[in-house]
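A.B. asks: Pasting a structure below so you can have a look.
What follows draws every value from the coordinates through simple rules; no lab data is involved. Remember, predicted model here, so these are calculated numbers, not experimental data. Note that we place each Cβ from the backbone using ideal geometry, even for glycine, and neighbour counts take in every protein chain shown.
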Amino acid sequence: MAITRNKLTVRAVGSLNTPGMHSDGGGLYLKVLGSGARSWIFRYRRAGRRRDMGLGPWPTVSLKDARIMAQEASALLMTGADPILKRNAKLTDEAAKRWTFGAYADDYVASLEGSYKSEKHFKQWKRSVEELAASLRSIPLAEVTNEDVLACLKTHWKVRHATARRLRGRLERIFDAARAQGLYRGENPARWKGHLESLLPVMPKSARRRHAAMDYQDAPDFMVRLKKRTSLSARLLEFVVLTGTRTSEGRLAEWNEFDFDAAEWRIPMLRMKGSEEHIVPLSPQAIDLLERIREYQINQFVFPGRKPNQPLSHGACLRVLRQLGETDTTHGFRSTFRDFAGDKTETPREIAEAALSHKVGNDVEQAYRRKTALERRRVLMCQWADFLLPRDGAADVISLSKGASR
């Protein structure tokens, strides 16, 4: 049966007032609403399902233009394509062309506001997309190639390897988001597995930066010298050494995180590198240090800085080390602690790693150890503290004058 087409006339389109679908033939309909508003619809069936494709309102889209669009949609159907999906893909491509990588990356970073662990973490993301990925910023998002991303990473790969690895991970997340929104087609150009791992050189361990660490045999003498310094920065350094924690975990510590009766410090998950709460069993030496500090100040932060409601700066501990003539790093004391645990105690590897908030084993093993590791870690932390500051010497007064330099 022949399909009747062109049933409507220009005059009829303008005068029809009956609400409903008025056929022009070939799947084209004029949809009239009760308000009198009119729009064009192309109706077709695909996979047994009826679909209505809007072609635009009348009179913005004339009868002639509507017929042309309906014919184009019919032609797509003949090839096996879905007209609606095809049009959406075209609209997405056009939207993608309006984004440069830089604009999209900035928008993505801004969208993560509130999920960053700290202001420092946010600034690292901004620096990644603004400075480290500068070569990509002006390229249209949809046109960024594998070669573009590879060239960007190679600029930093050998010189700043750790920074380049973090940059790659952030680029992968950005392109994953763009792909999910249909703004980037094809495989993620920053993915590692089966892609960049084969294109970027594997850096030898000697080329990867390690934190300079003090030999644990030298640590007791260092602690004696450290105790003679009267600044709050020195007390912060002493505290992170005693607890085996990271600088940021110590300097951002707040009094409400401590349970002095249980001798425990609960570090919130948002401040932990692994995004899980970490309980630190406190040695008598650590408790004594905290109680002495508390005599001199009332502040939410255990180690407050000069500015109101702000902690000591991230470089406070490093400055103390340099003043004492040491070339080691604060973070390196975690390695010092780990060497001590391995060489001087009978502590199992997994307990020593747990003391550093490192994950060992599978999920089942980790769940099992949650209840048993704390007391075993307490023994280790006390052994470490006794090695650094023997309890016979605990009577030595830690001087912390109110006017001491921070």
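A.B. asks: Beyond 27 Å between alpha-carbons counts as too far, so tell me which of Lys123/Lys228; Lys123/Lys227; Lys227/Lys307; Lys31/Lys86; Lys123/Lys307; Lys86/Lys193 fall in that bin. If you can, show how the numbers build up before the last one.
C.D. replies: Values: Lys123/Lys228 36 Å; Lys123/Lys227 34 Å; Lys227/Lys307 25 Å; Lys31/Lys86 23 Å; Lys123/Lys307 20 Å; Lys86/Lys193 31 Å.
Lys123/Lys228; Lys123/Lys227; Lys86/Lys193, as the Cα separations exceed 27 Å there.
A.B. asks: At each listed q (0.18, 0.26 Å⁻¹), what is the log10 of I(q)/I(0) that the Debye formula gives for region 244-303 modelled as equal alpha-carbon point scatterers?
C.D. replies: Per q value, in the given order, log10 I(q)/I(0) is -0.61, -1.24.
A.B. asks: In 10 Å bins starting at zero, report the fraction of Cα pairs in region 208-339 per bin as a rounded %.
C.D. replies: The distribution over region 208-339 is 12, 45, 36, 7, 0, given as percents.
A.B. asks: Consider just the alpha-carbon atoms of region 93-203 and return their Rg together with their Dmax, both in angstrom.
C.D. replies: 13.4, 40
A.B. asks: Here is a further query. So what is the calculated 222 nm ellipticity per residue for the chain, using -39500 (n - 2.57) for each DSSP H run with n of 4 or more, over all residues, to the nearest 500 deg cm²/dmol? Present the calculation step by step, with values, prior to reporting the outcome.
C.D. replies: On the way: 16 runs with 177 residues, N = 406.
For the chain, the value works out to -13000 deg cm²/dmol.
A.B. asks: Mind checking the full-extension length gain between Glu72 and Val224? Use 0.36 nm per residue of separation minus the Cα-Cα distance, one decimal, nm. Kindly include the intermediate steps, with their values, before the conclusion.
C.D. replies: Numbers: separation 152, 0.36 × 152 = 54.72 nm, distance 8.46 nm.
Taking 0.36 nm per residue and subtracting the Cα distance, the gain is 46.3 nm.
A.B. asks: Rank Tyr104, Val320, Phe340 by how far each Cα sits towards the positive end of the charge dipole of the chain (+1 on Lys, Arg Cβ; -1 on Asp, Glu Cβ) and give me just the farthest.
C.D. replies: Most positive-ward Cα: Tyr104.
A.B. asks: Under a point spin-label approximation (7 Å from Cα along Cα-to-Cβ), what is the Leu324-Glu295 distance to one decimal in nm?
C.D. replies: 2.1
A.B. asks: What list of ³J(HN,Hα) values in whole Hz, one per residue of region 161-171 in order, does the Karplus curve 6.51 cos²θ - 1.76 cosθ + 1.60 (θ = phi - 60°) give from phi, with Gly and Pro shown as x?
C.D. replies: Taking θ as phi minus 60°, the curve returns 5, 4, 5, 5, 5, 5, 4, 4, x, 6, 4 Hz for region 161-171.
A.B. asks: Quick check: pseudo-label points 7 Å beyond the Cα along Cα→Cβ at Gln181 and Ile287, how many nm apart are they?
C.D. replies: 5.3
A.B. asks: Please list 37-43, 303-309, 71-77 highest first by mean number of surrounding beta-carbon atoms within 10 Å per residue. Walk me through the intermediate numbers first.
C.D. replies: On the way: 37-43: 18.6, 303-309: 13.0, 71-77: 15.9.
In decreasing order of mean packing, 37-43, 303-309, 71-77 become 37-43, 71-77, 303-309.
A.B. asks: Continuing with this model, one more query. Which of (i) 1.22; (ii) 1.03; (iii) 0.95 is the computed Rg/Rh (Cα atoms, Kirkwood Rh) for the structure on display?
C.D. replies: Step by step, Rg/Rh (Cα atoms, Kirkwood Rh) for this structure corresponds to label (i).
A.B. asks: Any idea how far apart Arg349 and Met269 come out in nm if each label point goes 7 Å out from Cα toward Cβ?
C.D. replies: Those two pseudo-labels are separated by 2.8 nm.
A.B. asks: Just going by the charge dipole of the chain, with Lys and Arg at +1 and Asp and Glu at -1 on Cβ, which of Ser248, Ala263, Ala12 is farthest out on the positive end?
C.D. replies: Of the options given, the answer is Ala12.
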